[in-house]
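Values quoted throughout were computed directly from the atomic coordinates according to the rules given, and no laboratory measurement underlies them. As the structure is a prediction and not an experimental result, all values here were calculated from the model. Quick reminder, even Gly has a Cβ in these numbers, built from the backbone with ideal geometry, and neighbours come from all protein chains shown.
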């Protein structure tokens, strides 16, 4: 049995209609009908029966399609493993960073990679966490740094650091605070209501953290300024009597020395920064990926 046009049959199964399947495959309905007729003649069994305007699988067709689906899965697995092995010998390294991760952290890592491997072609991508996870799975990236709140059993996850999500103000602002066995002085939102709040737009990971906190505590979020990234928010806070929310890691790694961190809420919100890569079945980790992993561990340290 010729499996060259396996997708033809599976597309007919999907649409249950020759014309719609042909449109999907960019061939003529007559050519697709001829393919099906030849296939049924070859195996000497009917694959479909007509039910009104749709094509339904016969019991023989169901057995055939089940086995063809298994063949397609095996082919996909072979392609994925070959791509994984070949990527170890390529002269490129593709890195993804979650949009909320600041340039303060990205820049030193990337500069060291350039110095170590100057002949490599690099690709840097900044996207939402969900998109980066998909790109790793689909072999579009070699490594990515994200914040994770869930398990990713099909990927290699290397936790870099846990960082508290904090309120950040300019040190010129003198807030009353309470120390209750928290890492930073504890403040109430009622004490910051007179200071303009800079918020990262919803849809960004840390912007969503803020929205969830306010929603869980039945409090009103009233940002005066919305920005696209945390580094912009920190820059504004450093220059005026504003406040914002950010991971303590970003504050510590920034070049601003006039920012103050405060804990808030009944319990701390912890961000887990992780390096994600594919699981290499043959333990063939490239020297670029190995060095990148080391740099990430060195850079993601809270002093």
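Apply the Kirkwood formula to region 97-136: the hydrodynamic radius equals the inverse of the mean of 1/r over all pairs of different alpha-carbon atoms; give it in Å with one decimal. Don't jump to the answer; show the numbers that get you there.
Numbers: mean 1/r = 0.0889 Å⁻¹.
Taking every pair of different Cα atoms in region 97-136, averaging 1/r and inverting gives 11.2 Å.
What's the FRET efficiency of residue 191 with residue 126 using the Cβ-Cβ distance as r and R₀ = 41 Å, to the nearest 0.05?
With a Förster radius of 41 Å, E is 0.75.
Could you tell me how many cubic angstrom of Cα convex hull volume region 97-166 has per residue?
It comes to 110 Å³ per residue, whole-number rounded.
What ranking do 34-47, 144-157 get when scored by the average of other Cβ atoms within 10 Å per residue, highest first?
Going from most to least packed, we get 144-157, 34-47.
On full extension of the chain, what length is gained from residue 67 through residue 266, given 0.36 nm per residue of separation minus the C-alpha to C-alpha distance?
Details: separation 199, 0.36 × 199 = 71.64 nm, distance 5.54 nm.
So the extension gain works out to 66.1 nm.
By average Cβ neighbour count within 10 Å, what is the ranking of 229-240, 128-139 from highest down?
229-240, 128-139
Using square roots of five times the C-alpha gyration tensor eigenvalues, list the equivalent-ellipsoid semi-axes of region 6-86 in whole Å, biggest first.
The answer is 26, 16, 11 Å, longest axis first.
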